Amino acid sequence: MFSTYRQLEKRTGKSGTSRPDYLQELVNEYQNTSDQEAKYQVLANLANFAYDPINYDWLWELNVVDLFLDTLTEPDEKIKEFGLGGLCNLCLEKRNKEHILNNEGIPLVIDCIFNEKEDIILSAITTLMFLISSDDDEKGALSDSVRKRMEHLSRSDNVRLKNLATIFLRDYFPKTN
């Protein structure tokens, strides 16, 4: 459910931490903690906050889009999964989309469709669908290797992967279907 400023005020109360301050605390904790479990939890929280457009300006000011992009190069699969989920949640907003496209986001997301973890692949496909339109090729997103990977996934025994890959192929590679 999307929030309103009135709902945020009710939840926070007069003496509570404001949403921008709370988000800043989360970013600081993620950047400064050495506890991997805490990193997971904080990154998952940031990804959840990225779902609600009321938070977009605050997340933008805190460079959370870059933080999410940076996670895609991490070897830790959970970090990658939560960061990709956050990108997926943010990328429909025009400013965030342009930033992702202008900062090598497409190749990073494409790398994730070749991952073995189901949730990473699903988020990567969905993010690609949000970042490209059906009549253009955003920075190589509609490459032959992407088509081949989607064809492979469309034959998967995993119904979620199979269905999403089939939709991707139908929408972005209609001539090959």
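The values are calculated or read from the model by the stated rules, or taken from the named source; none is laboratory data. Computed from a predicted model, the values in this text were never measured in an experiment. Here the Cβ is made from the backbone with ideal geometry for all residues, glycine too, and neighbour counts use every protein chain on show.
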Search region 17-40 for residues that are loosely packed, with under 13 Cβ neighbours inside 10 Å and pair each with any residue that is at pLDDT below 95 and hydroxyl-bearing (Ser, Thr, Tyr) when their beta-carbon atoms are under 7 Å apart and the residues are at least 6 apart or on different chains.
18/12
Out of 109, 65, report the one residue that is without any contact (Cβ under 8 Å) to a residue 40 or more places away in the chain and within 17 Å of residue 48 (Cα to Cα).
65
Only residues that are of a type in the set (S, T, N, Q) and more than 14 Å from residue 121 (Cβ to Cβ): list them for region 143-166, please.
143, 145
Has region 73-91 got at least one residue that is among the charged types (D, E, K, R), in contact (Cβ under 8 Å) with a residue 40 or more places away in the chain, crowded, with 19+ Cβ neighbours inside 10 Å and under 18 Å from residue 122 (Cβ atoms)?
yes
Can you confirm whether residue 85 is within 12 Å of the chain's Cα centre (by Cα) and under 26 Å from residue 158 (Cα atoms)?
yes
Test: residue in region 71-92 that is over 22 Å from residue 35 (Cβ atoms) and outside any helix (DSSP H, G or I):
yes
Kindly list the number of the only condition in (1) without any contact (Cβ under 8 Å) to a residue 40 or more places away in the chain; (2) assigned to a helix (DSSP H, G or I); (3) more than 22 Å from residue 172 (Cα to Cα) that fails for residue 98.
(3)
Looking at (1) touching a Lys or Arg at 6+ places or on another chain (Cβ under 9 Å); (2) at pLDDT below 95; (3) within 18 Å of residue 93 (Cα to Cα), find the lone condition where residue 49 falls short.
(2)
